[in-house]
Amino acid sequence: MTINPALEHNPSRTPSALVQPNPNPGPNPGPNPAPSPGPNPGPDPGLAAVGTAPSPLALLLLGRGADPTSERGVDCPGDLPPAADPDLAARAAAAKATLGERVFILGHHYQRDEVIAFADVTGDSFKLAQLAAARPEAEAIIFCGVHFMAESADILTGPHQKVILPDLAAGCSMADMATAEQVEQAWDDLADAGVEATTVPVSYMNSSAAIKAFTGRHDGTICTSSNARRALEWAFGARGGERVLFLPDQHLGRNTAIAELGMTEADCVVYDPRRPRGGLSQAQLRDAKMILWRGHCSVHGRFTRQSVDEVRARVPGVTVLVHPECRREVVTAADRVGSTEYIIAAVDAASPGSAFAIGTELNLVRRLSTRHPDKTIVFLDRTVCFCSTMNRIDMPHLVWALESLVRGETPNQITVDPDVATPARKALDQMLALP
Ligand code: 13P
Ligand code: SF4
């Protein structure tokens, strides 16, 4: 596989990037300076004032202090083993063996290989949400993924089970792009336009527990990239909605609405939380079928139409396979689109000699490349890009979490307040029950 030397991209670890929403993603927007706003004109009288408002988060430096309202993390409270310790794998194996059935380790596909090696199960966000509750006998669930996934696991598991995120700095910049206050304001805007009763919130799994709770309180559903189509069909069908408020990934919402439900760009508007009434007129809110939140993934936002054209010129016969968090122009130019689980299944099923350019996070692409030496597998973009927050979970943190459990301590437990967990669970259960 062709990759550049590791250029770890960090979409969510810089204060400016974390003070979301910011359509210009963080320190390394690359060729994607702003997500496509779509057909979202409208007056913007308050933009300058809103855009320059001082943020209470602006001075919170990486790894210092705590911000409970954000997906960003806090200090690791314990002594981490040095990353250079040659015995890390042996220490993890020994601690895991000591804990036996008392611990259950979940690993998202974007995790590092050395961490995935210790996962009892791996999966995309949907599969991990389903599997979180699969081992009721496990006292501790170590979630090798990001914060919103661990929150969902806490909501879906029993009260006797403790969910642990080995590094609390493993957040998600996309999830940070929608705060509960912003979403409540958007709902008020919909009420002012007289359309909140006919609007159904559909929230991507990549959102805080508070957003999931908002979704549950308004009888909406959570979705992931593997069931977004079914979620929208339910929202417009059995649930009887006239329009959907889709949070927080505009690209997944737009790609699903257009490619899977046959809508047009004109059916979609983009609600920008930095602008009064999202930058939309009441008529636009009323007429839209999809009100897309102005959020995006900084990792998938790097892929461009040009990346697709270049790889087609470079690799003859290549199949371009991308995640639906990519921009519309990329999805349109690609051959296939789907969740991480879908991408893995597509490559696994392909015949020897086939060639893929994959537009998703690099740990997964690299793993697929290693697993399929008989296939050509290249990363879609020329610039290497890991999800740096997924990468926060490394061997020192995993060993620290496991050895803490062996000592009888519970490190970095993720707990969701019952006031939030109850409505959030309703929205998650709705997703799990989607037809
Ligand atoms: P999947 O649900 O496809 O695993 O995606 C999760 C994610 O965070 C993608 O950026
Ligand atoms: Fe968040 Fe996934 Fe993007 Fe990482 S790759 S920033 S976890 S949406």
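The values are calculated or read from the model by the stated rules, or taken from the named source; none is laboratory data. If you're wondering where the values come from, they're calculated on a predicted model, not measured in any experiment. We place every Cβ from the backbone using ideal geometry, glycine too, and count neighbours over all the protein chains shown. Note: accessible area is taken over every heavy atom of the protein model, side chains too, but ligands, DNA and RNA are not part of it. Shrake-Rupley method; radii C 1.70, N 1.55, O 1.52, S 1.80 Å.
Values as computed for the structure displayed
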quantity: Cα-centred dipole magnitude for region 175-297, charges only on beta-carbon of K, R (+1) and D, E (-1), debye, nearest 20; calculated: 200 debye
quantity: Mean-position separation - Cα centroids, region 256-271 and region 197-230, in angstrom; calculated: 17 Å
quantity: Distance histogram in 5 Å bins (all Cα pairs of region 175-297, percent per bin); calculated: 2, 13, 26, 28, 21, 9, 1
quantity: Qualifying lysines (Cα of each under 24 Å from Cα of Lys212; at least 8 residues distant if same chain); calculated: Lys127, Lys162, Lys289, Lys426
quantity: For region 300-317, 3J(HN,Hα) per residue [Karplus equation, 6.51 cos²θ - 1.76 cosθ + 1.60, θ = phi - 60°, Hz, x = Gly/Pro]; calculated: 5, x, 6, 6, 10, 4, 4, 4, 5, 4, 5, 5, 5, 6, 7, 10, x, x
quantity: All aspartates and glutamates inside 20 Å of Lys96 as judged from Cα atoms, apart from same-chain residues fewer than 8 positions distant; calculated: Asp79, Asp85, Asp87, Asp113, Glu114, Asp120, Glu137, Glu139, Asp167, Asp394, Glu403, Glu409
quantity: Assigned charges on the beta-carbon of Lys, Arg, Asp, Glu; region 276-435 dipole about Cα centre (debye); calculated: 500 debye
quantity: Long-range HN-HN contacts of Val121 with modeled amide H, under 5 Å; calculated: Ile105, Gly107
quantity: Vicinal HN-Hα couplings computed from phi for region 124-138 (Karplus, 6.51 cos²θ - 1.76 cosθ + 1.60; Hz; Gly/Pro x); calculated: 7, 4, 5, 4, 5, 5, 5, 7, 3, 8, 6, 10, x, 7, 6
quantity: Highest average packing first - 205-211, 294-300, 337-343, Cβ atoms within 10 Å; calculated: 294-300, 205-211, 337-343
quantity: Portion, in percent, of the accessible area of region 108-180 that falls on carbon or sulfur, probe 1.4 Å; calculated: 53 percent
quantity: Label-reachable residues, region 335-369, where backbone N falls under 14 Å from a point 7 Å from Glu310's Cα toward its Cβ; calculated: 358-359
quantity: Heavy atoms of Arg367: accessible area, 1.4 Å probe, square angstrom to 10; calculated: 40 Å²
quantity: Area of Glu329 that stays accessible when all protein chains are in place (1.4 Å probe, Å², to 10); calculated: 80 Å²
